[in-house]
1. State all residues of segment 174-202 that are farther than 27 Å from Lys33 by Cβ, outside any loop (DSSP other than H, G, I, E, B), away from the ligand (no atom under 12 Å from the Cβ) and of a type outside the set (D, E, K, R); if no residue qualifies, say none.
2. Take segment 69-85 and flag every residue that is assigned to a loop (DSSP other than H, G, I, E, B) and in contact with a Lys or Arg (Cβ under 9 Å, 6 or more places away or on another chain).
3. What residue, among those in segment 135-160 that are buried (at least 17 other Cβ atoms within 10 Å of the Cβ) and over 21 Å from Leu208 (Cα atoms), is nearest to the chain's Cα centre (by Cα)?
4. Please name all residue pairs, on different chains or six or more residues apart, with Cβ atoms under 6 Å, provided the first residue is in segment 119-139 and is in a helix (DSSP H, G or I) and the second residue is small (Gly, Ala, Ser).
5. With the structure loaded, tell me whether Phe12 is out of contact with any Gly (no Cβ under 8 Å at 6 or more places or on another chain) and not assigned by TED's automatic domain parsing to the domain that holds Ile167 or whether it fails that test.
6. Go through (1) loosely packed, with under 14 Cβ neighbours inside 10 Å; (2) closer than 30 Å to Glu90 by Cα and name the single condition Lys65 misses.
7. Does Ala38 satisfy the criteria of being closer than 24 Å to Val147 by Cα and either part of a strand (DSSP E or B) or touching a helix residue (DSSP H, G or I) at 6+ places or on another chain (Cβ under 8 Å) (or both)?
8. Report whether or not Glu66 is in a strand (DSSP E or B), over 17 Å from the mean Cα position of the chain (by Cα) and away from the ligand (no atom under 16 Å from the Cβ).
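The values are calculated or read from the model by the stated rules, or taken from the named source; none is laboratory data. It should be emphasised that the depicted structure is a prediction, and the values quoted were computed from it without experimental measurement. Heads up, the Cβs are rebuilt from the backbone with ideal geometry, glycines too, and the neighbour counts pull from every protein chain shown.
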Amino acid sequence: MSLTKEALEDYFLSIGEKKYKAEQVLEWLYIHKEWDIANFTNLKKELRETLKKDFNTDFIKIKRKEEGSLVKKYLFELLDGNFIEAVLMEHDYGKSVCVSSEVGCNMGCKFCESGRLKKVRGLETYEMVEQILLIENDIKDKINSVVVMGIGEPFDNYDNVLNFVKIINYPKGLAIGSRHITISTCGLVPKIEEFSNFPLQVNLAVSLHAPNDAIRDKIMPINKVYNISKLMASLRKYLLKTNRRITIEYVMLNMVNDSLDCAYELAHLLKGMNVYVNLIPYNETNNLEFKKSTRIKEFKDALTSQGINVTVRKEFGDSISAACGQLRSKEV
Ligand code: SF4
């Protein structure tokens with residue numbers, strides 16, 4: 001599950017087999033959800049034996065689940081004993097999963113529960129693919145969209161995340177349309193520029209969370225490396241190159257970044273860009289001092305009055321520790 005179709009074809013060619021076997025194997029894995037190589041009955045017995053020798057087929061495990069009305073949160077145990085989380089959300093338009101991309105995170109955003117554990121390692125591609133597969137298996141239904149917005153900074157694990165995107169997008173496999181896949185970054189400028197060359201039409205979301213460096217410096221250490229003007233310049237280049245609308249994520253923190261002045265400053269910053277702003281009501285946690293803003297509606301109206309497209313993210317589940325990182329932090 002770490003291999004794209006092309007990589008699996010290369011493997012079959014390397015062992016002297018025809019490359020169409022790759023498609024047969026992917027059909028077992030993703031369409032029939034058959035994960036025991038012994039049962040790949042359209043492959044010869046000797047080939048199945050070779051596959052068993054060449055591949056490790058141990059899966060990550062669902063360790064615990066918490067369920068709310070339209071949301072389920074999964075805690076996964078990885079083969080090396082580390083824990084990560086994923087969240088399933090049911091929308092009118094289908095089911096979406098928010099996956100993790102790293103064990104821990106080095107970005108240190110002050111409001112983030114996940115970031116309290118420093119990065120241990122990036123996830124392997126299969127560890128991301130299996131989050132989706134195990135959830136589909138658990139709910140006996142298909143996932144329609146995926147956001148890479150859970151624990152970790154996806155662009156800090158760039159190659160594995162983009163491999164993951166190619167695998168879940170493969171049309172004869174999980175077949176999640178590229179426009180239904182979103183990668184969220186806290187603003188790693190060089191990677192944003194690299195990502196503008198990625199051939200699939202995947203959405204980019206950027207966690208901005210502040211309209212100026214003074215505030216962003218205080219809540220997002222990455223801003224000291226790539227400040228707002230560098231970030232905006234990279235987003236302008238990305239827009240020119242891809243012509244794809246960017247989502248600007250803005251977590252609403254009481255008395256930190258939620259004043260009307262902030263709204264007007266944000267509108268000014270984004271004027272004329274093909275973006276829309278997603279305001280995120282903050283999920284309060286016991287461990288961090290931030291509070292949920294009480295001015296979300298006023299802030300939204302101020303942005304709208306300035307011609308900025310804006311939505312407020314639906315709140316799914318602080319009742320089930322849905323703030324990213326909460327389930328894992330209870331475990332370790
Ligand atoms: S918000 Fe995202 S990038 Fe920032 S510390 Fe948390 S997981 Fe890392």
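1. Result: Val189, Pro190, Ile192, Phe195.
2. If the condition is that a residue be assigned to a loop (DSSP other than H, G, I, E, B) and in contact with a Lys or Arg (Cβ under 9 Å, 6 or more places away or on another chain), then Leu70, Leu78, Leu79, Asp80, Asn82 are the ones that fit.
3. The initial filter retains those residues of segment 135-160 that are buried (at least 17 other Cβ atoms within 10 Å of the Cβ), namely 135-136, 143, 145-158, 160.
Adding the requirement that they be over 21 Å from Leu208 (Cα atoms) leaves 135-136, 143, 145, 160.
Working: Ile135: 15, Glu136: 17, Ile143: 14, Ser145: 10, Asn160: 12 Å.
Applying the filter and picking the extreme gives Ser145.
4. Listed by first residue and then by second, the contacts come to Thr125/Ser2; Tyr126/Ser2; Gln131/Ala86.
5. Numbers: out of contact with any Gly (no Cβ under 8 Å at 6 or more places or on another chain): yes; not assigned by TED's automatic domain parsing to the domain that holds Ile167: yes.
Answer is yes for this residue.
6. All conditions pass for Lys65, except number (1).
7. Values: closer than 24 Å to Val147 by Cα: no; either part of a strand (DSSP E or B) or touching a helix residue (DSSP H, G or I) at 6+ places or on another chain (Cβ under 8 Å) (or both): yes.
It is false that Ala38 is closer than 24 Å to Val147 by Cα and either part of a strand (DSSP E or B) or touching a helix residue (DSSP H, G or I) at 6+ places or on another chain (Cβ under 8 Å) (or both).
8. When the stated conditions are applied, Glu66 passes them.
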